[in-house]
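Structure, as structure tokens:
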Ligand code: ADP
């Protein structure tokens, strides 16, 4: 199949979260099994264009309000793909929209005011790109709100009898329902779509324009990144006001668990840790622990458990309950328990400040407020436990990394965490992690306390849990197969026979 991924992020060029990992890993896996997969992303200022190849000629994209946008197009091949099965990546280079610092915003403006225009343009530019390279996909696969308008263009402007997109189907993946791209409806004129599409296409949202909602209405199939989150998003509690839309589309709505990149996240091959290790010989993990204690300036002690965290510092991750001034439980966890805690993250200022303040007052709590891929590997390998008290979690990658690195997750029972972690059973010793239901400072305190108790009193169970986690297989192959089945289902619904 010819598959076009439309995304605002992809590793290794632009990443703010799991979306970027998923787009590249899924594409690479699909290409390996013989599909012709291409990715289109914006050429952000931070992407060095001298390392890319420029396609000849400029590309014009006619938008609404009589505007024609001009951009250059660059291309390269995704690292890790072969000549026989390459994933080609295209970069839309539009100076005014993308020639600035930041993907969605920066420290002065957390959400750029022209984001509806930037990403509406990007979605339509994807169609112009196909025309430019004379390559028309069987599947147009859009990711999250910045790409969500592409399926709307397909349905209402580009797919008609005799067109090059006549046999193209669309899929939209929700990586995080909390971000929907809601802007004033005045921005809609710029799309060039008729106002009938504002309503028929599902943009209308209490007089605002909701880009994700339009994609959810207009795509042939939709999915999210774990089966449990797919169910949760159909409820009022976690549906972010779109639960009704998702229930309405439920027969076309899938939950497909993300995989992990097992070349990059594999303790047997990891070049970012002092010594590789496996479940047969786990000695390298102790070396990683030592290196982690040294890196963060913690007391060198093999016997004390280390709790690791790597996270965007946002409310979604349950950080209010952990670090909220005066009520968060991190302070009492570190004060009362014989453990060490390390955190790597960037994000909301209040949270960064609170973490730094805690680190200055507690000798067993250390933090680095930055973004570091390398250090994130050392934390996964060197920690004994990994804490994710998420408010909601579409899939979550870190708990899967933790499991395969023999680091035991302590997680809230939500979203993909439920699909990937099994709670410790004190009677039988079964399980792969420690889980709690309600997100409160005291339940985090109690569950960390439970894990630390097991560390000191049930060491054999802990070692067995480690090995059980390390035996898990979260490779992309089976997830990619589920995506192919969803693509096929979309094609079947439109009466297109299988290309496989
Ligand atoms: P989300 O996509 O909601 O941020 P995920 O767990 O799905 O959460 O994915 C987050 C990804 O980003 C993981 O690969 C995680 O290791 C990485 N990450 C987040 N913050 C940092 C950081 N400060 N340094 C390095 N990696 C980070």
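Observations on the structure shown:
- Potential lengthening of the chain between residue 353 and residue 315 amounts to 12.2 nm, from the contour at 0.36 nm per residue minus the alpha-carbon distance.
- For the chain, the antiparallel share of DSSP beta bridges with both residues in that region comes to about 25%.
- Compared with the direct C-alpha span, the chain from residue 16 to residue 195 gains 61.1 nm at full extension, assuming 0.36 nm per residue.
- Cα centroid separation, the range 339-394 to the range 16-64 (Å): 31 Å
- Put simply, the Cα atoms of the range 49-172 extend 45, 37, 28 Å along their principal axes, the longest span coming first.
- Percentage of interatomic Cα-Cα distances in the range 180-337 larger than 26 Å: 57 percent
- Over the range 326-438, the Kirkwood radius and the radius of gyration, each from Cα atoms, give a ratio Rg/Rh of 0.96.
- Crossing angle, helix 18-32 versus the chain [Cα axis fit, 0-90 degrees, rounded to tens]: 70 degrees
- Computed [θ] at 222 nm, helices only, for the chain once each DSSP H run of length n ≥ 4 contributes -39500 (n - 2.57): -10500 deg cm²/dmol
- Diffusion coefficient, µm² s⁻¹, Stokes-Einstein with Kirkwood Rh over alpha-carbon pairs of the range 81-120 at 10 °C and 1.306 mPa s: 130 µm²/s
- Exposure proxy ranking for 1, 337, based on other Cβ atoms within 10 angstrom of each Cβ and starting from the fewest, stands as 1, 337.
- In the calculated pair-distance distribution of the range 395-443, the portion above 12 angstrom amounts to 60 percent of the Cα-Cα pairs.
- Peptides ranked, highest mean first, by Cβ atoms within 10 Å: ranges 39-47, 347-355: 39-47, 347-355
- Estimated FRET transfer efficiency (residue 338, residue 164; beta-carbon r; R0 60 Å; 0.05): 0.35
- Debye-sum result for the range 1-75 in log10 I(q)/I(0), which assumes one identical scatterer on each alpha carbon, at q = 0.18 Å⁻¹: -0.87
- Multiplying the residue separation of residue 54 and residue 106 by 0.36 nm and subtracting their alpha-carbon distance yields 16.0 nm.
- Calculated FRET efficiency, residue 463 to residue 271, Cβ-Cβ distance, R0 = 35 Å: about 0.85 to the nearest 0.05.
- Quotient of Cα Rg and 2.2 N^0.38 Å for the range 107-181, N being how many residues it contains: 1.21
- Distance between the 7 Å Cα→Cβ label points at residue 485 and residue 262: 1.9 nm.
- Spherically averaged projected area in nm², based on the convex hull that wraps the Cα atoms of the chain: 23.6 nm²
- Efficiency of FRET between residue 428 and residue 301 - r from beta-carbon atoms, R0 25 angstrom, step 0.05: 0.25
- Rg and Dmax, both from the Cα atoms of the range 403-483 and both in Å, are 13.7, 44.
- Extending 7 Å from the Cα toward the beta-carbon at both residue 250 and residue 370 defines two label points whose distance is 4.9 nm.
- Listed by Cβ neighbour count within 10 Å, with the fewest neighbours leading, 224, 50 appear as 50, 224.
- Spin-label model, residue 85 to residue 362: label points 7 Å out along the Cα-to-beta-carbon direction sit 4.6 nm apart.
- Helix 476-493 axis, angle to the chain major axis (alpha carbon atoms, nearest 10°): 30 degrees
Every read-out reported here was derived from the displayed coordinates using simple, explicitly stated rules and does not represent laboratory data. Bear in mind that the values here come from a model prediction, so they are computed numbers and not experimental data. Neighbour counts are summed over all protein chains in view; Cβ atoms, including those assigned to glycine, are modelled from backbone coordinates with ideal geometry.
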